[in-house]
Structures are given as C-alpha cells and as structure tokens.
Amino acid sequence: MYQIAGLTKTYAAKGRTVQALQDVDLEIGDGELVAIQGPTGGGKSTLLQMLGGLDRPTSGSVRLAGDDIATMDDAALTRVRAERIGFVFQGFNLIPTLTAQENVETALVPAGVAADDRAARARTALEQVGLGERTGHLPGELSGGQQQRVAIARALVKEPSVLLADEPTGNLDEATRDEIVELLEGLWKEGLTVVMVTHDSVVARRAQRRLRIAGGRVSEV
C-alpha cells in the first residue's frame, strides 16, 4: 500500500522554521487498520495530508501502490485523490444545502461519473453505512453521528483503496463514537485499508496497529 522514505516537511511560522516531519520511514500494508496518535503539533495531521496527497513534502517519497504521489503533477494527483483515496474529517465537511445523497454524489463528480450512476452508487454507499432511509435529508436534519456516516459514505462511494480519517470521532459523544469506530472496523474487516489520526486512546486501542508521532518523528506503539 504505502512505502514512505525520508519524508520531511518544513515550513515557516512566525519567523522560524518548523519541522513538521523529520526523515520518516514507514510502510503501511494492504488491509491494515492503523491509528496515529501524538501531541498537538507533533505532525499527525501533516502525515495524513502527505498520505492523501493534500500537501507535498519538502523532501522524501510517498509511494501509494508503487506510485510516488509526492512528485506527481497536479493533474495526476487530482485523479489519485478522486479515485483511490477516501477522506473523512472531524468536521464532516458536508454542504448544508445538499441532501445526504447529493453530498455523497459530489465525490464522484471529479471522476466524470454519469448522473444516473452517481445516484445509484450514492444510494448504495448510504445503505452501506446504515442511512438508506435518510438519502433525502439535509445535514441540519441529521445528528452528528449520522452526518459522519454521510461523510464516510462520501468517501466510500469512490470505492477507494484506502480510507484516511482525521479525528473522525472528535465531535461525537462516547456512544456515537463507538458506533462510528465499529463502522470503520467493519470496513477494515471487509478488506479496506484504514488510517486514522485520533487523540482518543479508546479509539486507538481498537486499531490493529498503533503509531505515535511526536516532534515530527514516527514510532511504533
């Protein structure tokens, strides 16, 4: 799945240079469920952004199934994000004026999927996360847990090879958190590679593999 070598990310902040990642070497295999923990500012989200091609490293390589997404041109990287990587965020990032189904369909637009196919695939994805009867609801008509399920369906509808989740339970109460973790675990058991950043040790302990990142350096837990 992922082979990362010499990954370094530096940026300027308030007149000083910050090393968000320092010479990271890491492999993540197909079908793994990986949790990444660490202190605020330690590099967790930066690493996830590198895995998702949302940012480019200062140096080093990030190979996804053999392709170095760190050096791809913008057009190729856009295709990878549109077709091979699913994203889930703490804040859901749903469009408030679109229904659950329409929000899920938005993930297929960059891939050029026809309207009828988009609609069918979106309904299937919502059924997969237990929201088959909520396709016509707006985000404001859904609970936080339901909105996160829509966000997961939006990631799944692309049929990605990896799901990247940044604090996917951070805005949820404990009971709803557990429901979302069980959903992610179920997707992993079905063969999906899942990598999630979490501050919640209860969530992290349920992962197959745990990583800690602090000061831009990664270690196994």
When segment 158-183 is checked residue by residue, the ones that are aliphatic (A, V, I, L, M), in contact with a Ser or Thr (Cβ under 9 Å, 6 or more places away or on another chain) and closer than 25 Å to ASP55 by Cα are VAL162, LEU163, ALA165
Pairs please, first residue from segment 6-18 and touching a residue at least 12 places away in the same chain (Cβ under 8 Å), second anywhere and charged (D, E, K, R) and surrounded by 13 or more Cβ atoms within 10 Å (Cβ to Cβ), Cβ atoms under 9 Å, 6+ apart in sequence or on different chains. GLY6/ASP23; LEU7/ASP23; THR8/ASP23; LYS9/ASP55; LYS9/ARG56
Just one of the numbered conditions (1) more than 25 Å from ARG217 (Cβ to Cβ); (2) at pLDDT 95 or above; (3) in contact with a helix residue (DSSP H, G or I) (Cβ under 7 Å, 6 or more places away or on another chain) is not true of PHE92; which one? (2)
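Here is a yes/no grid of residues against (1) closer than 21 Å to VAL221 by Cα; (2) touching a strand residue (DSSP E or B) at 6+ places or on another chain (Cβ under 9 Å):
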| position | (1), (2) |
| --- | --- |
| GLN19 | no, yes |
| ASP23 | yes, yes |
| GLU27 | yes, yes |
| GLY31 | yes, yes |
| PRO39 | yes, yes |
| GLY66 | no, yes |
| ALA76 | no, yes |
| GLU83 | no, no |
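One line per residue, one yes/no per condition, for (1) of a type in the set (Gly, Ala, Ser); (2) assigned to a strand (DSSP E or B):
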position	(1), (2)
ASP25	no, yes
ALA35	yes, yes
GLY41	yes, no
SER45	yes, no
ARG56	no, no
SER61	yes, yes
ALA70	yes, no
ARG79	no, no
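Would you be able to tell me the number of residues in segment 140-157 that are buried (at least 21 other Cβ atoms within 10 Å of the Cβ) and of a type outside the set (A, V, I, L, M, F, W, C)? Reasoning before the result, please.
Step one: of segment 140-157, the residues buried (at least 21 other Cβ atoms within 10 Å of the Cβ) are 147-157.
Right, trim to of a type outside the set (A, V, I, L, M, F, W, C) and you get 147-149, 154.
Number satisfying all stated conditions: 4.
Just give me the residues in segment 96-105 being farther than 25 Å from VAL181 by Cβ, β-branched (Val, Ile, Thr) and surrounded by 13 or more Cβ atoms within 10 Å (Cβ to Cβ), in sequence order. It would help to see each step written out before you state the result.
Keep residues of segment 96-105 that are farther than 25 Å from VAL181 by Cβ, which gives 96-99, 102, 105.
The next check asks that each one be β-branched (Val, Ile, Thr); those that pass are 97, 99.
THR99 - this is the single residue of segment 96-105 that is farther than 25 Å from VAL181 by Cβ, β-branched (Val, Ile, Thr) and surrounded by 13 or more Cβ atoms within 10 Å (Cβ to Cβ).
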Answer yes or no as to whether THR97 is part of a loop (DSSP other than H, G, I, E, B), within 26 Å of SER45 (Cβ to Cβ) and of a type in the set (Val, Ile, Thr). no
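If I filter segment 112-131 down to residues being outside any helix (DSSP H, G or I) and surrounded by 13 or more Cβ atoms within 10 Å (Cβ to Cβ), which single residue comes out as modelled with the lowest pLDDT?
Going through segment 112-131, the residues outside any helix (DSSP H, G or I) turn out to be 112-114, 129-131.
Those left that are additionally surrounded by 13 or more Cβ atoms within 10 Å (Cβ to Cβ): 113, 129-131.
Numbers: VAL113: 91, VAL129: 95, GLY130: 94, LEU131: 96.
Applying the filter and picking the extreme gives VAL113.
Does ALA75 count as outside any loop (DSSP other than H, G, I, E, B), at pLDDT below 95 and closer than 24 Å to LYS158 by Cβ? It would help to see each step written out before you state the result.
Numbers: outside any loop (DSSP other than H, G, I, E, B): yes; at pLDDT below 95: yes; closer than 24 Å to LYS158 by Cβ: yes.
Yes: the conditions hold for ALA75.
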Examine segment 179-191 for a residue that is surrounded by 16 or more Cβ atoms within 10 Å (Cβ to Cβ), touching a residue at least 40 places away in the same chain (Cβ under 8 Å), under 26 Å from ASP116 (Cβ atoms) and of a type outside the set (A, V, I, L, M), and state whether such a residue exists. no
Given (1) closer than 22 Å to VAL150 by Cα; (2) without any contact (Cβ under 8 Å) to a residue 24 or more places away in the chain; (3) aliphatic (A, V, I, L, M), index of the condition ALA75 fails: (1)
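Listed here are the residues, each with its yes/no results for (1) of a type in the set (Ser, Thr, Tyr); (2) at pLDDT 95 or above; (3) closer than 11 Å to GLN90 by Cα; (4) not in a helix (DSSP H, G or I).
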position: GLN147; (1), (2), (3), (4): no, yes, yes, no
position: VAL150; (1), (2), (3), (4): no, yes, no, no
position: ALA153; (1), (2), (3), (4): no, yes, no, no
position: LYS158; (1), (2), (3), (4): no, no, no, yes
position: ALA165; (1), (2), (3), (4): no, yes, yes, yes
position: THR169; (1), (2), (3), (4): yes, no, yes, yes
position: LEU172; (1), (2), (3), (4): no, no, yes, yes
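The values are calculated or read from the model by the stated rules, or taken from the named source; none is laboratory data. These numbers were taken from a predicted model, which means no experiment stands behind them. For neighbour counting, all protein chains shown are included, and Cβ atoms are generated from backbone atoms with ideal geometry for every residue, glycine included.
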